[in-house]
Structures are given as structure tokens and as C-alpha cells.
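The values are calculated or read from the model by the stated rules, or taken from the named source; none is laboratory data. Keep in mind that what you see is a predicted model, and the values were worked out from it rather than measured. Here the Cβ positions follow ideal geometry from the backbone for every residue, glycine too, while neighbour counts run over all protein chains shown.
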Amino acid sequence: MRVAIAGGHGKIALHLQRLLSGRQDTPVALIRDPDHTDDVSAAGGEPVVFDLESGGIVELAEHLEGADAVVFAAGAGPGSGVGRKDTVDRAGAALLAEAAERAGVRRYLLVGSIGVDNDDPEWAPPPDVDEVFAAYLQAKAAAERDLGSRDLDVTVLRPGRLTDTEPTGKVQLAAPKIDRGEVSRADVAAVLVALLDEPRTAGLTLELVGGVQPVAQAVRAVLGI
């Protein structure tokens with residue numbers, strides 16, 4: 001399986017590359033900074049320098065040629081302002097979707113956020129969050145709405161608060177809404193691999209926190225098998 005990963009130098013993305021390359025799949029890491037190529041290569045990824053905020057759809061589609069799936073794991077990151085939450089977390093996700101459509105790649109996994117609720121058309125971030133985090137949640141919500149309008153096989157994964165703890169291999173994975181909690185980035189990556197392996201999860205929006213079910217079992221459970 002050839003999987004293109006936007007935000008290829010992010011922590012979840014690097015975990016994902018290690019898992020995919022470890023089973024002889026080919027992860028293609030889209031990165032903004034050429035200085036990150038060594039880190040990506042060390043994780044087993046194939047680095048491709050492409051900036052989601054300035055690159056064009058034609059060039060991105062060329063990078064996606066031959067891919068079996070794309071994963072949007074990019075984010076503006078800590079310390080970024082309101083503007084970049086939109087240009088990366090929303091517009092970047094849309095650009096990847098447009099390029100995937102152009103390249104004929106149907107499978108799309110979006111790493112979202114557990115704080116988003118798109119079932120309510122009047123949903124807005126809670127008033128007690130700061131301006132930047134509110135913008136982040138709004139950008140994630142807009143990305144979900146955009147993907148829902150496209151002819152792609154999309155799975156949205158909304159993890160809880162991310163940690164850098166060791167993976168447990170056990171999670172709680174379910175349709176919204178579940179109680180908020182923590183989940184390790186490594187376990188998020190493991191769930192992404194399991195979702196890539198299960199095309200029947202296309203069309204689902206799933207929330208994820210740490211739990212007691214092994215990853216493979218948790219994915220089967222959301223499918224009722």
C-alpha cells in the first residue's frame with residue numbers, strides 16, 4: 001500500500017510511517033521543511049517537499065499519483081495564530097482532497113479533533129476556550145464539512161487530547177459522542193493503520209481515546225463485526 005501523508009514530519013505522521021514501513025508499505029511524507037527529510041527517512045518514509053499553504057493543486061496531484069490512500073495529519077502546530085489554523089487545518093485538508101480527486105485517489109483519512117460536532121448545524125466552539133483553539137476547532141469542522149461534500153471514501157478520526165506516552169495498543173473507538181480523554185499519538189497512528197486496512201470504515205466519523213479494547217477489535221466493533 002502506498003500512502004501519502006500530509007504533515008509528514010508531525011509526531012502522529014512519523015509513528016504512522018514507522019508502522020507502515022515496518023510491514024513493507026510505502027509511506028510518502030509531504031513536508032514543508034527540507035531539513036526534515038532525514039527524520040522522515042529514518043522513520044521509513046519517502047520525503048516529498050511540498051508546502052500546503054503555498055503549493056498548487058497540479059503539483060500536489062502529481063505527488064499523489066499511484067497512492068492508494070491519503071492521510072491528512074497536518075496542523076499549524078503550537079504557537080501558530082488564528083490565520084494559520086485556517087490556512088493549514090482547513091484549506092490544507094481541502095487542497096489534499098482536491099489533489100486526491102485529480103489523481104484518482106479515493107481513500108482519505110482525516111485526523112480531526114474530538115471537540116468538533118458537525119451533527120448540529122449551529123455548532124460553535126464552547127465559549128470557555130481561547131481564540132486560537134476555537135479557530136482550530138472551527139477549521140477542523142470546516143474540513144469535515146468540505147470532505148462530506150466530496151466523492152471520496154472518507155474516514156474522520158477525532159482523537160482526544162494527544163500525549164507522547166508509550167502506546168498501549170488499547171483504545172476506545174466509537175461514533176460521536178464519547179467522553180473526552182487522552183490518547184497517545186502512537187495509538188492514534190495504530191488506529192489509522194487499522195482504518196486504512198478496513199475500507200468499510202469509509203463514511204464513518206469516529207472518536208478516539210485511550211481504552212481497553214485492542215485496536216483491531218475496536219475497529220471491528222464500530223463495524224458491528
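With respect to the conditions (1) over 21 Å from VAL188 (Cβ atoms); (2) in contact with a helix residue (DSSP H, G or I) (Cβ under 7 Å, 6 or more places away or on another chain); (3) among the charged types (D, E, K, R), ASP130 lacks only one, and its number is (2). Condition check for GLY44 on (1) at pLDDT below 95; (2) assigned to a loop (DSSP other than H, G, I, E, B): one failure, at (1). Being outside any loop (DSSP other than H, G, I, E, B), among the hydrophobic types (A, V, I, L, M, F, W, C) and touching a residue at least 60 places away in the same chain (Cβ under 8 Å) is a description that does not apply to LEU14.
Within the stretch 73-85, one or more residues are crowded, with 18+ Cβ neighbours inside 10 Å, closer than 27 Å to ARG200 by Cβ and either in contact with a strand residue (DSSP E or B) (Cβ under 7 Å, 6 or more places away or on another chain) or not basic (Lys, Arg) (or both).
The set of residues in the stretch 78-124 that are over 21 Å from VAL209 (Cβ atoms), assigned to a loop (DSSP other than H, G, I, E, B) and in contact (Cβ under 8 Å) with a residue 24 or more places away in the chain comprises SER80, GLY81, VAL105, ARG106. Residues that are over 22 Å from ASP68 (Cβ atoms) and free of Cβ contacts under 8 Å to residues at least 40 places away in the same chain within the stretch 179-215 comprise ASP179, GLY181, GLU182, VAL183, SER184, ASP187, listed in sequence order. For the stretch 202-225, a residue qualifies if it is buried (at least 20 other Cβ atoms within 10 Å of the Cβ) and more than 21 Å from GLY7 (Cα to Cα), and the qualifying residues are VAL209, VAL215, ALA218, VAL219. Any chance the stretch 29-38 includes a residue that's under 21 Å from SER184 (Cβ atoms) and either part of a loop (DSSP other than H, G, I, E, B) or in contact with a helix residue (DSSP H, G or I) (Cβ under 6 Å, 6 or more places away or on another chain) (or both)? So far as the stretch 29-38 goes, yes, one or more of its residues are under 21 Å from SER184 (Cβ atoms) and either part of a loop (DSSP other than H, G, I, E, B) or in contact with a helix residue (DSSP H, G or I) (Cβ under 6 Å, 6 or more places away or on another chain) (or both). The test for being closer than 19 Å to ARG106 by Cβ, of a type in the set (Gly, Ala, Ser) and assigned to a helix (DSSP H, G or I) does not hold for ALA4.
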